[in-house]
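I have placed the structure first, in the form of structure tokens, so that the comments after it can refer back to it.
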Amino acid sequence: MAGISQHRSKISKPLMERRRRARINACIGELRALLNQARATTSCQSSKLEKAEILEFTVLHLRALHCPSTDGWSRFCTGYAACVREIARFFRTTDADRCPSAGNQDRSDTSQNPNPLTNVWRPWS
């Protein structure tokens with residue numbers, strides 16, 4: 001009985017390895033197709049990619065998704081702050097045009113409190 005189970009395990013190991021490799025190759029084939037679609041939009045012409053290149057491109061893409069560059073984040077924060085300042089300036093000048101006394105009050109408030117968001121009209125307050 002022990003001889004039969006050893007014989008089956010010897011036969012099933014190569015079969016399991018063949019199935020595992022087939023799954024790996026199928027997944028790499030899917031990644032190749034996805035990368036070829038992405039590269040077609042970026043005008044890269046070579047459609048022949050080695051498995052190592054496919055894995056390298058995939059790793060680079062996943063890193064870019066999970067670790068956005070700090071340069072891009074700082075540019076976003078700078079742009080967002082500039083937008084907030086511009087909106088606050090717009091509302092201050094719009095309030096000053098509508099009601100001169102409110103415009104004077106806003107200017108005095110901003111000299112005491114440098115945060116421009118405190119003087120922005122909010123519909124929910």
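Look at segment 6-27: where a residue is open to solvent by 70 Å² or more (accessible area, probe 1.4 Å) and modelled with pLDDT of 95 or more, no partner that is outside any helix (DSSP H, G or I) and not acidic (Asp, Glu) sits 6+ places away or on another chain with Cβ atoms under 6 Å.
Could you tell me which of the residues Arg85, Arg98 is farther than 30 Å from Leu31 by Cβ, open to solvent by 70 Å² or more (accessible area, probe 1.4 Å) and modelled with pLDDT under 85? Reasoning before the result, please.
Details: Arg85 fails: modelled with pLDDT under 85.
Only one candidate qualifies: Arg98.
The values are calculated or read from the model by the stated rules, or taken from the named source; none is laboratory data. Bear in mind that the values here come from a model prediction, so they are computed numbers and not experimental data. Glycine gets a Cβ as well: all are built from the backbone with ideal geometry, and neighbour counts include every protein chain shown. These accessible areas exclude ligands, DNA and RNA; they are computed on the full protein's heavy atoms, side chains included. Shrake-Rupley method; radii C 1.70, N 1.55, O 1.52, S 1.80 Å.
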